[in-house]
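What follows is a set of notes on a single structure, which appears directly below.
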Amino acid sequence: MDLNTIWFILICVLFSGFFLLEGFDYGVGILLPFVSKNDDDRRIVINTIGPFWDGNEVWLLTAGGAIFAAFPHWYATMFSGFYLALALILVALILRGVAFEFRRKDNRPRWRSTWDWAIFIGSLLPALLFGVAFGNLLRGVPIDASKNYVGDFFGLLNPYALLTGIYGLALMTLHGAVYLSLRSEGEVSERARNIAKKLWLPVVVLLFVALGASYLFTDMYSKLGVDPGVVPILGGAALLSTIWFVRNKHDGWAFLMTALTIVTSVITIFTTLFPRVMISSLKPEWSLTIYNASSTPYTLTVMTIIAVIFVPIVLLYQGWTYYVFRKRVSKKSLAA
Amino acid sequence: MDALLLARLQFGITTVYHFFFVPLTLGLSILVAIMQTVYFRTGDPMWKKMTQFWGKLFLINFAMGVVTGIVQEFQFGMNWSEYSRFVGDIFGAPLAIEALLAFFLESTFIGVWFFGWDKVSKRVHLASIWLVAFASNLSALWILIANSFMQHPVGYVVRNGRAEMTDFLALITNPNIFTQYPHVLAGGVVTAGFFVLGISAWHLLRQSNPVFFTRSFKLATVYALIGAMMVGVVGHSQAQEMVQTQPMKMAAAEALFESADPASFSVLTIGDLTQRKEVFALRLPALLSLLAYNQFTGQVQGINDLQIEYQKKYGPGDYVPPVAFIYWSFRAMVGAGTAMLGLAAIALYFALKNNVAGNKLFLRLLPWAILLPYLGNSAGWLLTELGRAPWLVFGVMKIENGVSPASVVSNIYVIITIALFTLLYGALMGVTVYLLRRYATHDPDQETVALGAY
């Protein structure tokens, strides 16, 4: 396996980690207005992701940095091409990030509800737009011979990409609901579980509609073949089984299933793309690939050494924090 | 307006704004860690209270630094796609390493620190604030390694139309980093020092909790003094480095139009910028040579000679940065630094006399002095970045060649995002200042915000 492939896989891993972790952060943020009746509830909801959201977001920053380092043309084409969409994501992430810190600093209801809105919008918008972005990556976007995006902002909002966007949004919300039922107690946990029950079917339907649309709009099926392999099937099975675990209050298992669905969705997207990183809808040979978009072997070697040393360390200490803050959040635990 | 100007404006606004918050994070994280270490060692509850009081202000600032930093990771690709393509092989690596080594550590352990007061052992809790301080300052190192490449490119070769990395070790041991990094760190220390000094003075003037704020005042005095001295000493070495690698920046900073040996230091120069000559100047003889070479002789090249030299070397073009802007940025930076050194020395005098509340006028002055490091930090970066003009990567790539093609990122997109970021950043600055003021003027004995949970 060459270094370009290794970095493609590593970026897939980073995005898998990002959507797995930040996915439930977004879901929890989106559910904030729907599972809480009062400020105590809202505090419980926010505190379930309190110690983690910042570290989870770094998966995105690292993915961005890794794309820049390993595939500079991908970085340049995608972020200049998806300009306004990315700017919206950035504004949303800024608002959401400060909202967690600022909301608690004043207990006037208007102050708090303002920041609650910031958390809601700041979670909803990225959850939707990341799905739109990946839909466009799968479908292909107009890229010319000089590796530049030549479409416009509204070209990104095509039906297929909007569909994948809504699928992503729904899946992350379900993931968040399951996480919330796992990490909270009492009424909040109960409400989150009920929402998960209601959300499950729409997510399943969206997944199959998206898979059908992918047949029409992408080359997923010719890439993956009749037998798509174990990954997509595992993801589908995990999603289908989720409802059983939710109904029987096996919150941990339910969370594992939505986590699997997210990770397998990301892997399936990357497998379809491989070895391309951005498909040109104008001419296949204008697509960016892991070879024509990449850094030199020297840089890839240096970065590989650093990644091999530090990625496991990051996984260790981040995993450790999930262990430290493993207890369910309740009104009592917040009062202490 | 043209695309280049818009892109530069966007970068300038978002980056200067980001750097309003960074230095305080760098310096205050260490100071809070020191407070908690004393608490850990002595068990004195006063030090715990100090850790929590200053830690609370630290967190407000920290959040702003984090969220405005997200923009930095992506905007090279957004507005500077040609630059990203050209230097990605080199410039992307330190950015990715910064995220992997520093951001993960910082963001994970800030969570452990804030939420872990009663969930991890005292030792682990102390370690977590030190890890935050370490990681913040480590992230500064990596982003400055990236910036150093723009100031003084090393370890690369231009091949196939782009800069390719040939020597990672040379990249991370760029001579520029050895002066720039300590200068930025010292800037962080002095920013935190004056932040704590100013707020402590505010309380001492009102005699609210004098024991708490006397102790804070004294600690901050030492810290600010160390920072102010370091900033000056390292800044001096940095200027000497600059004379070697970017003499044009030095010449512009001094409005030195003609080469001179010995070169004098400008106290005030009024120049004719179209003719590029001096109209009026008040200069201290030979001082610039002394600053540049540690001796009273030695030629410092002037703007006009360098322009001729660069045209020969790099082809026709204008190689002169915006002189007046650079000149005044340099003066604002050095002026702020000198003022801080003076104020820190006065503070030390009162601290040693054990009479920190001795002079009301001085106490009234100090809260305003919180602004000084912000002036110095911002002016310093404007000098560093604009002084490199017209180069994006010195001697290798010009600014105009790095911007995203207008066919991809149209002017209207950039105008929209400038408006968006300016509005958002303006509003958030209002909120941040409101919160910092509110919590800075609280009596630490009357806590209202719970620790360990949002």
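Bear in mind these aren't lab numbers, they're just calculated from the coordinates by the rules spelled out. Model, not experiment: these values are computed from the prediction. So basically every Cβ, Gly included, is an ideal-geometry build from the backbone, and we count neighbours across all protein chains shown.
Size descriptors for the stretch B:195-237, from the alpha-carbon set: Rg then Dmax equal 12.9, 42 Å.
Each of B:I326, B:A220, B:V431 was placed along the dipole of chain B (beta-carbon charges, centred on the mean Cα), and the one lying farthest toward the positive end is B:A220. Could you give log10 I(q)/I(0) at q = 0.13 Å⁻¹ for the stretch A:63-166, computed by the Debye formula over C-alpha point scatterers of equal weight, without solvent? Evaluating at q = 0.13 Å⁻¹ gives log10 I(q)/I(0) of -0.57. Centroid-to-centroid, using Cα positions, the stretch B:145-174 and the stretch B:225-277 are 26 Å apart.
Partner shielding of A:318-329 amounts to 3, given as the average count of beta-carbon atoms from other chains within 10 Å of each residue beta-carbon.
When the expected Rg is taken as 2.2 N^0.38 Å, what fraction or multiple of it is the alpha-carbon Rg of the stretch A:1-150?
On the way: Rg = 17.6 Å, N = 150, 2.2 N^0.38 = 14.8 Å.
Taking N as the residue count of the stretch A:1-150, the ratio is 1.19.
Calculate I(q)/I(0) for the stretch B:304-413 by the Debye formula, one identical point scatterer on each C-alpha and no solvent, and give its log10 at q = 0.13, 0.21 Å⁻¹ to two decimals. For the stretch B:304-413, the Cα-only Debye profile gives -0.70, -1.10. Ordering B:433-444, B:403-414, B:216-227 by mean Cβ neighbour count within 10 Å, with the highest value first, yields B:216-227, B:403-414, B:433-444. Put a plus charge on the Cβ of each Lys and Arg, a minus charge on the Cβ of each Asp and Glu, and nothing anywhere else: the dipole of chain B about its Cα centre is then about 1300 debye.
Averaging 1/r over each pair of different alpha-carbon atoms in the stretch A:3-329 and inverting the result gives 20.3 Å, the Kirkwood hydrodynamic radius. The trypsin sites (Lys or Arg not before Pro) of the stretch A:1-90 that DSSP puts in a loop, and whose beta carbon has at most 16 other beta carbons within 10 Å, are A:K37.
Computed from the alpha carbon positions, the gyration tensor of the stretch B:1-106 leads to an equivalent ellipsoid with semi-axes of 37, 16, 8 Å, biggest first.
Cross-link partners of A:K283 among lysines, defined as those whose alpha carbon lies under 28 angstrom from its own and excluding same-chain residues fewer than eight positions apart: A:K147, A:K223. Residue by residue along A:41-51, Cβ atoms of other protein chains within 10 Å of the local Cβ number 3 on average. Which residue, A:I195, A:I49, A:I94, tops the fluctuation ranking in a GNM of chain A built on C-alpha contacts under 10 Å? Top of the fluctuation ranking is A:I94.
For the stretch A:3-329, what is the relative contact order in percent, using Cα pairs closer than 8 Å and at least 6 residues apart in sequence?
On the way: 470 pairs, mean separation 84.6, N = 327.
26 percent.
Residues A:R276, B:R331, arranged from fewest to most other Cβ atoms within 10 angstrom of their Cβ, appear as B:R331, A:R276. Once C-alpha pairs closer than 8 Å and six or more residues apart are averaged by separation and normalised to the residue number of chain B, the relative contact order reads 21 percent.
Can you tell me what the convex hull of the Cα atoms of the stretch B:399-454 projects to on average, as an area in nm²?
Values: hull surface 28.5 nm².
For the Cα atoms of the stretch B:399-454, the hull's average projected area reads 7.1 nm².
Computed from Cα positions, the angle between helix A:53-70 and the longest principal axis of chain A comes to roughly 10 degrees.
Rounded to the nearest whole Hz, the Karplus-based 3J(HN,Hα) values (6.51 cos²θ - 1.76 cosθ + 1.60, θ = phi - 60°) of the stretch B:266-271 follow the sequence 7, 8, 8, 10, 10, x, with x at glycine and proline.
Measuring from centroid to centroid over Cα atoms, what is the spacing of the stretch A:263-318 and the stretch A:69-120 in Å? Computed from Cα coordinates, the inter-centre distance equals 25 Å. With a 10 Å cut-off around each Cβ of B:112-119, the average count of Cβ atoms from other chains is 4.
Just the number: Rg to Rh for the stretch A:211-330, Cα atoms, Kirkwood Rh, two decimals.
1.08
Is any residue of the stretch A:102-137 close enough, with backbone N under 20 Å, to a label point placed 7 angstrom from the Cα of A:L224 along the Cα-Cβ axis, and if so, which? Hits in the stretch A:102-137 for A:L224 at 20 Å: A:130-137.
Between A:M78, A:M303, A:M220, the residue with the greatest mean-square fluctuation in the GNM of chain A (Cα pairs under 10 Å linked by springs) is A:M303. Taken along its three principal axes, the alpha carbon spread of the stretch B:59-133 comes to 50, 23, 14 Å, from the longest extent down to the shortest.
About its Cα centre, the dipole of the protein assembly as shown is roughly 2400 debye, where the only charges are +1 on Lys and Arg Cβ and -1 on Asp and Glu Cβ. Here the stretch A:3-329 is treated with +1 on each Lys and Arg Cβ and -1 on each Asp and Glu Cβ, and its dipole about the Cα centre works out to around 720 debye. Taking every alpha-carbon pair within the protein assembly as shown, the share separated by more than 33 Å comes to 55 percent. Please work out the Cα center distance from the stretch A:139-196 to the stretch B:81-101, rounded to the nearest Å. The stretch A:139-196 and the stretch B:81-101 have Cα centres separated by 28 Å. Calculated on the Cα set of chain B, radius of gyration then Dmax: 23.2, 68 Å.
Here's the list of lysines a cross-link from A:K37 could span, going by alpha-carbon distance under 29 Å and ignoring same-chain residues fewer than 8 apart: A:K105, A:K197, A:K198, A:K249, A:K327, A:K331, A:K332, B:K56, B:K119.
Around the amide H of A:S184, modelled in the peptide plane, lie the amide H atoms of A:V329, all under 5 Å away and 5 or more residues distant in sequence or on another chain.
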